[in-house]
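> What follows is a structure written as structure tokens; I'll ask about it next.
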Amino acid sequence: MEATGWSAGAGRGMARRHGFGDAAGLTVLGGCAVWSLVTATARGGRPEGTLLAVLAVAAGYACGRIGGALVPVAASAAAGIGGLCLVAVDPHGVPAPETTAPLGHAGATAALFALSAGALCCAAWSARHRAPRIAWHVAAAGTAVPAAVVGSGAGTVACGGIVLCSLAAAGARRRPAGLVGFGLVTALVAALGAALAKGLLPSGPATTLADRLTPHRVLLWRDALRLAESEPLLGVGPGRFEELSRALPPSTPPDGKPHAALLQVAAEQGIVGAVLLAAAYGWVLYALWCSARPTPVVLAAGAALTAVAAMASVGNALSFTTVTAGVGLLAGIATAEPLTDAPPHDVAAPADVRGGHG
């Protein structure tokens, strides 16, 4: 039998979960900002990139929470369509500080397609009736078409995978299992990249991966590992990879990044910076688990954010302000608290978020 309102215990339980999640997010993002300043002071680096990324995530998250609470369908749809419009204006010119290499733009373009597909899937599951749900899912699947047109293979695959995950989430009964799976996928991609750079993979798979990712990118990863091992605690300083890298050819216009978010942070901000970056992703997954939104919304957003995390593990997507703001916006939409007295009747949500259940 469905509950007709929040119970006192459910309200307090949800408030505790959201309060802890918000406090954890504030702590992690604040830690990322403060540690970048510490390492910049110690090593003479430039923390502006990290500070801008933290600000973009926080601002996007706040806007997403507000929009998702007031007009969840419209906010999700606007986020999805807005991402597509950004790519349509100039698919190879997504704005970002100090980024001129086409390799980086390709990663940002694919990430924006993934975020757009995830937002449109959230719009579909936020709708109350079958027809708009189908329409928004069709629109989400359609994002693969412009991705293919602009030549973004990663974007095309990501959009298709996100829509499939969203459709599969229709009857999901285990929200934590899905979110843990997303976390494992991201960890696996990051671990494979580090193992490839370290030369720990067998020669056959290593050669295949290096050919697909380009040998130059692997050289950048090895350089990042070298710098991380040379300065494990504080790193070499934010923004100093370009100065100290041996793999950046002076004859070509590089973007000064190793095209692997975790390796870049480890090289420039040490092990503490890398742990804080991983904690930021973990916080997003925890916030999604605590969300009062329906589980299909949570898992659709989780799939899109995981796609971006995987791209950032082997690319330069998080160096783009539009991508980091989009990550925060989608996470905020998927974790917004509904402005209603009725609890979410979602058996996959945490027990103390379900009014009359559990």
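> Enumerate the pairs (first residue in region 215-235 and closer than 13 Å to residue 196 by Cα; second residue anywhere and open to solvent by 70 Å² or more (accessible area, probe 1.4 Å)) with beta-carbon separation below 6 Å, excluding pairs fewer than 6 apart on the same chain, so at least 6 apart or on different chains.
Correct list of pairs: 223/246.
> Additional query: Residue 78 passes all but one of (1) open to solvent by less than 70 Å² (accessible area, probe 1.4 Å); (2) under 23 Å from residue 313 (Cα atoms); (3) modelled with pLDDT of 90 or more; which number fails?
Here residue 78 meets the rest and fails (2).
> Next question. With the requirement that a residue be touching a residue at least 12 places away in the same chain (Cβ under 8 Å), in a helix (DSSP H, G or I) and of a type outside the set (A, V, I, L, M), what does region 133-150 give you?
136, 137, 146
> If you go through region 322-334 one residue at a time, do you hit one that is touching a residue at least 60 places away in the same chain (Cβ under 8 Å), open to solvent by 10 Å² or more (accessible area, probe 1.4 Å), closer than 29 Å to residue 242 by Cβ and of a type in the set (A, V, I, L, M, F, W, C)?
Yes, the conditions are met somewhere in region 322-334.
> Among the candidates 111, 88, which residue alone is open to solvent by less than 60 Å² (accessible area, probe 1.4 Å) and either modelled with pLDDT of 95 or more or in a helix (DSSP H, G or I) (or both)? It would help to see each step written out before you state the result.
Values: 88 fails: open to solvent by less than 60 Å² (accessible area, probe 1.4 Å).
None of the others qualify; the one that does is 111.
> Quick check on region 151-167: of everything there that is of a type in the set (A, V, I, L, M, F, W, C) and free of Cβ contacts under 8 Å to residues at least 24 places away in the same chain, which residue is nearest to residue 332 (Cα to Cα)?
Ranking the candidates gives 164 first.
> When you scan region 151-263 for helices (runs of 4 or more DSSP H) that lie fully inside it, which ones turn up with 1 or more residues that are open to solvent by 20 Å² or more (accessible area, probe 1.4 Å) and among the charged types (D, E, K, R)?
175-198, 203-213, 215-230, 241-244
> For region 169-207, give me each residue that is of a type in the set (Gly, Ala, Ser) and without any contact (Cβ under 8 Å) to a residue 40 or more places away in the chain.
171, 177, 181, 187, 191, 195, 199, 203, 204, 206
> Only one of these is within 27 Å of residue 242 (Cβ to Cβ) and modelled with pLDDT under 95: 170, 147, 96. Name it.
None of the other options fit; the residue is 96.
> Which of the numbered conditions does residue 138 fail, given that it passes all the others? Conditions: (1) at pLDDT 95 or above; (2) under 16 Å from the mean Cα position of the chain (by Cα).
(2)
> Answer yes or no: is there a residue in region 32-44 that is at pLDDT below 90 and either closer than 30 Å to residue 241 by Cβ or among the acidic types (Asp, Glu) (or both). Don't jump to the end; show me each part of the working.
First, the residues of region 32-44 that are at pLDDT below 90: 43-44.
Remaining after also requiring either closer than 30 Å to residue 241 by Cβ or among the acidic types (Asp, Glu) (or both): 43-44.
Checked region 32-44: at least one residue is at pLDDT below 90 and either closer than 30 Å to residue 241 by Cβ or among the acidic types (Asp, Glu) (or both).
> Pairs, please: C-beta under 7 Å, at least 6 apart or cross-chain, first residue over 13 Å from residue 161 (Cα atoms) and in region 112-132, second open to solvent by 40 Å² or more (accessible area, probe 1.4 Å) and aromatic (Phe, Trp, Tyr)?
120/136; 123/136; 124/136; 127/136
> Could you say whether any residue in region 290-300 is modelled with pLDDT under 95 and closer than 14 Å to residue 186 by Cα?
So far as region 290-300 goes, no, none of its residues is modelled with pLDDT under 95 and closer than 14 Å to residue 186 by Cα.
> Could you figure out which of (1) more than 17 Å from residue 157 (Cβ to Cβ); (2) crowded, with 24+ Cβ neighbours inside 10 Å isn't true of residue 308?
The one condition residue 308 does not meet is (1).
The values are calculated or read from the model by the stated rules, or taken from the named source; none is laboratory data. Quick caveat, the model's predicted, so the values are computed rather than measured. Cβ coordinates were reconstructed from backbone atoms using ideal geometry, including for glycine residues, and neighbour counts include every protein chain displayed. Surface accessibility is based on the protein's heavy atoms, side chains included, excluding ligands, DNA and RNA. Shrake-Rupley method; radii C 1.70, N 1.55, O 1.52, S 1.80 Å.
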